[in-house]
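Q: Quick one: this structure, given as structure tokens, is what I'll be asking you about.
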Amino acid sequence: MTPEQLKDALAHHPHIADADLSGIDLSGHDLSGRRFTNVSLSGANLSGARLAGADFQKVDLSGANLARAQAAGATFTRVDLRGARAQEADFSGAHFNACDCTGGTFAVAQFGRADAYGCVFAGADFSQAMLFRWTAMNADLASAKLAGASLRNAYLKGANLQGQDLRSCDLTMTILDAAQLQGVNLGGLALDRTSFVEARLDGANLAGVKGQYTALLGAQLEQADLQDARFDMSDASDADFSAVRADGVHWDRSVLTKTRWQRASLKAARFVYCDLSHADLSGADGSRADLSGSNGHALKQENTRWDGANLSGMRPTDDLLLQAEQWRAA
């Protein structure tokens, strides 16, 4: 079927099904709102095509050229996008369901408010892509290329980003709750209202990050690097910081209740006006640390070093409160 025949067919039949259109040239064509079901467009040229609101069901777009395609609001269900070239394409508000994007190129593409469920992104290139408010729960992005991508307001709960270097990404207000972030490199990033609730950040690099209203409740950060990081008015209740390297870390006016810092290096760390109630700093090195004005109620500090530390104004354990907290009905 030639492009002219297809255009005529679509003019009369907006639904194309069970057709082999492999390699067809539809560059620049207006296919807005059209439906494609069980169609092969493998290797097709759809560069610059207008695909707004189009519906692709069980379509083969492997190796297709979708560069600069306008696919805002389009739906892709069980679509094969392996090796597709979609750089600078617009997928704003698009829906991707059970699609295979292995090795696809989506560099500088727009995915604002788009969502992806059950998709494969092995080796996919999202370099400098706009992923604003992109939803990709439980997505495996460990091998995806994300250099320079904006993940601002993205919802990536449960996603796998292990080992990723995200230092050039925008993670402002990104939701990474329960995400797999072991060994991730966030060094120097701004973590403004970023959420890592119950995330795994073991061995991650957070050195020099600047967090404001950052949520780390219940997160696992064993052996992570937090040297010279700064967290203002953040909440890390119940987080595990065991054996972290956190010399010079600043926690100002933050909630750190029930946090675990066993064997952590906290030399010259700052915890001014922080709530450290029920925290465990056993075996930690807090030499020259500043805990002035902090809440040290029920703080565990067995074998903790406080050489030269500033503990002025630190609230001690309230014995009556502790007794009430430990009370159990007979």
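Q: So which residue, out of F126, F231, F36, gets the largest mean-square fluctuation from a GNM of the chain using Cα contacts under 10 Å as springs?
A: F36
Q: Using Cα centres only, tell me the gap between segment 58-74 and segment 206-254 in whole Å.
A: So the two Cα centres are separated by 41 Å.
Q: Here's another thing I want to ask about it. Any chance you could give the angle, 0 to 90 degrees and rounded to 10, that helix 3-12 forms with the longest Cα principal axis of the chain?
A: The two axes meet at around 80 degrees.
Q: Relative to the Cα centre, what is the charge dipole magnitude of the chain, using +1 at the beta carbon of each Lys and Arg, -1 at the beta carbon of each Asp and Glu, and rounding to the nearest 20 debye?
A: The calculation lands at about 260 debye.
Q: Further question: Have a look at E198, E88, E302 and tell me which one the Gaussian network model of the chain (Cα, springs below 10 Å) gives the largest fluctuation.
A: Looking only at E198, E88, E302, the biggest GNM fluctuation is shown by E302.
Q: Moving on to the next point. Pairs K157/K267; K157/K300; K145/K258; K157/K210: which are spaced more than 26 Å apart, C-alpha to C-alpha?
A: Exceeds cut-off: K157/K267; K157/K300; K145/K258.
Q: So what's the net charge close to A94: Lys and Arg +1, Asp and Glu -1, counting the other residues with Cβ under 13 Å from its Cβ?
A: Net charge in that neighbourhood comes out at -1.
Q: Right, here's the next one. Using only Cα atoms, what is the ratio of the radius of gyration of segment 57-176 to 2.2 N^0.38 Å?
A: 0.93
Q: Continuing with this model, one more query. As a check on your grasp of the helix formula, calculate [θ] at 222 nm for the chain: sum -39500 (n - 2.57) over DSSP H runs of n ≥ 4, divide by the residue count, round to the nearest 500.
A: Computed mean residue ellipticity for the chain: -1500 deg cm²/dmol.
Q: If we count every other residue with Cβ under 11 angstrom of S265's Cβ, Lys/Arg +1 and Asp/Glu -1, where does the sum land?
A: Computed value for this residue: +1.
Q: How much net charge surrounds Q220 when only the other residues with a Cβ under 12 Å from the Cβ of Q220 are counted, with Lys and Arg +1 and Asp and Glu -1?
A: Surrounding charge for Q220 is -3.
Q: Turning to a different aspect of this structure: Label points 7 Å out from Cα along the Cβ direction at L321 and D192: separation in nm?
A: 3.4 nm
Every number in this text was worked out from the coordinates using simple rules, so none of it is lab data. None of the values given here were measured: they were computed from a predicted structure. Here the Cβ is made from the backbone with ideal geometry for all residues, glycine too, and neighbour counts use every protein chain on show.
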